Protein chains: 2
Amino acid sequence: MATASDLPHPEREALELSTVLFALSDPDRLEMVRQLRDGAMDAANCNALDPEIPKSTKSHLMKVLREAGVIRNEPNGRRRTLTLRRDDLDARFPGLLDAVLGGLDSGQGSR
Amino acid sequence: MATASDLPHPEREALELSTVLFALSDPDRLEMVRQLRDGAMDAANCNALDPEIPKSTKSHLMKVLREAGVIRNEPNGRRRTLTLRRDDLDARFPGLLDAVLGGLDSGQGSR
């Protein structure tokens, strides 16, 4: 049974290129993706990052990424865990995530 | 001397990942990029494509792509020619354009 803590996530087959590109087109969302590259993150920790960004803004960043299918935001006990949907993105858009993360590494994603 | 027909284009070094991703995040702009993949296009021909899109909207699509550094829009006699900045994009964000075009080819970019 779905509960209030089960946020909707699009299926792999429903991911759309333009929507994914839009989700990645913001420096703050790109930074969130970069931080999730190396593994899952507690959503509360994500909120603790960069104190200059209001928590409500971070919640919205997470929502855009989740609804585009870039990340998962799932309950984990009484906490929530964020993960990058690398397998789904690689299956649908081969090479895209690596190209974006590579562009970030070379410092091209800065504001 | 710059004339009114010389539209500004960002230098290769000034291209930003998030801006390029935003320019590519719209289905109509993606379609324009797809059509430029195989070679230059007369801007007037571009305007003739898809009569359902108003000419003013197409001009704006071209402007967003040009200002992001995705395409060039340059005078050619009394006409204007659109070209994809593949060399610049490949140099700055290796693999990105191919991944996006590949995603389009597999029909994932549709609205």
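Based on the Cα coordinates of the protein assembly as shown, what is the per residue volume of their convex hull in Å³?
Numbers: hull volume 33.3 nm³, N = 222.
Convex hull of Cα atoms, per residue: 150 Å³.
In this assembly of identical copies, the label point of B:Asp6 (Cα plus 7 Å along Cα-to-Cβ) is separated from its counterparts by 6.2 nm, sorted shortest first. Taking Cβ atoms as reference points and 11 Å as the exclusive limit, the residues near A:His9 contribute a net charge of -1, counting Lys and Arg as +1 and Asp and Glu as -1. Placing a pseudo-label 7 Å from each Cα along the Cα-to-Cβ vector at B:His60 and A:Glu11 gives an inter-label distance of 3.4 nm.
Sketch the reach of a paramagnetic label on B:Ala40 as a point 7 Å from Cα along Cα-to-Cβ, and name the residues of the stretch B:62-82 whose backbone nitrogen lies under 14 Å away. Label zone hits: B:72-82. Equivalent ellipsoid of chain B: semi-axes from √(5λ) of the C-alpha gyration tensor, largest first, are 21, 19, 12 Å. Here chain A is assigned +1 on the Cβ of each Lys and Arg and -1 on the Cβ of each Asp and Glu. Its dipole about the Cα centre then comes out at about 340 debye.
FYI, it's all coordinate maths here, none of it is from the lab. Everything quoted here is computed from the prediction, not taken from an experiment. We place every Cβ from the backbone using ideal geometry, glycine too, and count neighbours over all the protein chains shown.
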